[in-house]
Each structure stands twice: as structure tokens, then as C-alpha cells.
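Only one structure is covered here, and it is reproduced in the block below.
The values are calculated or read from the model by the stated rules, or taken from the named source; none is laboratory data. Predicted, not measured: the structure shown is a model, and the values here were computed from it. Quick reminder, even Gly has a Cβ in these numbers, built from the backbone with ideal geometry, and neighbours come from all protein chains shown. We work out accessible area using only protein heavy atoms, side chains counted, and drop any ligands, DNA or RNA first. Shrake-Rupley method; radii C 1.70, N 1.55, O 1.52, S 1.80 Å.
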Amino acid sequence: MKYSNKPFPKALKEIMDKKDIIHRKLAARTNFSFSYFCVLKKRKKHPPTETIKKIASGLEIPPEYFLEYRIDKLIKLLMDNPAVTDDVFDFARELVENNNFRVTDKEQELLKYYPGTAKAT
């Protein structure tokens with residue numbers, strides 16, 4: 001499944017439309033109230049990662065679908081591994097400057113960390 005790069009409310013609406021799931025049905029699957037989903041749609045700040053996980057589970061998708069979840073995982077990874085922060089920053093800056101967002105085999109050497117872990121391979 002392709003990941004969304006849209007803010008959480010837009011990504012949630014998009015995936016719900018795609019899966020043809022209404023808020024009340026998702027509320028029943030996640031044990032969140034219907035009104036909570038109304039709040040999420042209007043909120044500028046994204047929900048906590050545990051909430052994103054529950055919503056993703058209710059939608060039967062990986063939580064990584066949501067941009068905010070992926071960003072949170074990266075922040076935790078970098079906080080746990082401060083030595084790699086400069087390498088990741090330089091790698092990202094180079095991608096943006098070169099307008100090249102594809103990862104080549106050579107560049108994959110920088111991606112030595114598995115998602116969800118805080119330890120290098």
C-alpha cells in the first residue's frame with residue numbers, strides 16, 4: 001500500500017473514502033466516539049501515535065500509511081541514535097537540493113536502520 005504524504009485529517013478521509021468506511025463504523029472498530037473523529041478532522045495537531053495505531057488497525061492498514069506516524073518513528077530513531085543525525089540530515093538535504101527523491105543502491109548504505117528499532121545493524 002502506498003503511503004500518504006498528506007496531513008492526518010486529509011489522509012484519514014482519503015483512506016476512509018477508498019475503503020468505503022464511514023466514521024460510525026470506524027468508531028465502532030476502534031472504540032473511539034464518532035465525535036472524536038469529528039474533532040480529528042478539524043484539528044491542526046495530529047493525534048498521538050497510539051491513536052494512529054488504533055485507527056490504522058480499524059482501517060486494516062499499517063500505521064506507517066500516515067505521515068505523522070512515520071515522522072514520529074524517525075524522530076524517536078534519531079533521538080536514540082544522535083550520531084546518525086548528521087548523516088540523515090545531509091542525506092535528506094542532498095535529496096532535496098538535487099530534486100532526486102529516489103534512493104539508489106549507493107545511497108542505501110545510509111539507511112542501515114530498520115524501522116521500529118533504535119539499534120544499528
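Which of the residues that make up region 1-27 are part of a helix (DSSP H, G or I) and surrounded by fewer than 12 Cβ atoms within 10 Å (Cβ to Cβ)?
Once the filter is applied, which keeps residues that are part of a helix (DSSP H, G or I) and surrounded by fewer than 12 Cβ atoms within 10 Å (Cβ to Cβ), region 1-27 yields ASP17, LYS18, ARG24.
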*Determine whether region 5-20 contains at least one residue that is more than 15 Å from PRO63 (Cα to Cα), modelled with pLDDT of 90 or more and more than 19 Å from the chain's Cα centre (by Cα).*
yes
*Can you tell me how many residues in region 64-76 are open to solvent by 30 Å² or more (accessible area, probe 1.4 Å) and either hydroxyl-bearing (Ser, Thr, Tyr) or touching a Phe, Trp or Tyr at 6+ places or on another chain (Cβ under 9 Å) (or both)?*
3
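Looking only at residues that are over 22 Å from TYR3 (Cβ atoms) and aromatic (Phe, Trp, Tyr) in region 28-61, which one is surrounded by the most Cβ atoms within 10 Å (Cβ to Cβ)?
Restricting to residues being over 22 Å from TYR3 (Cβ atoms) and aromatic (Phe, Trp, Tyr), the top hit is PHE32.
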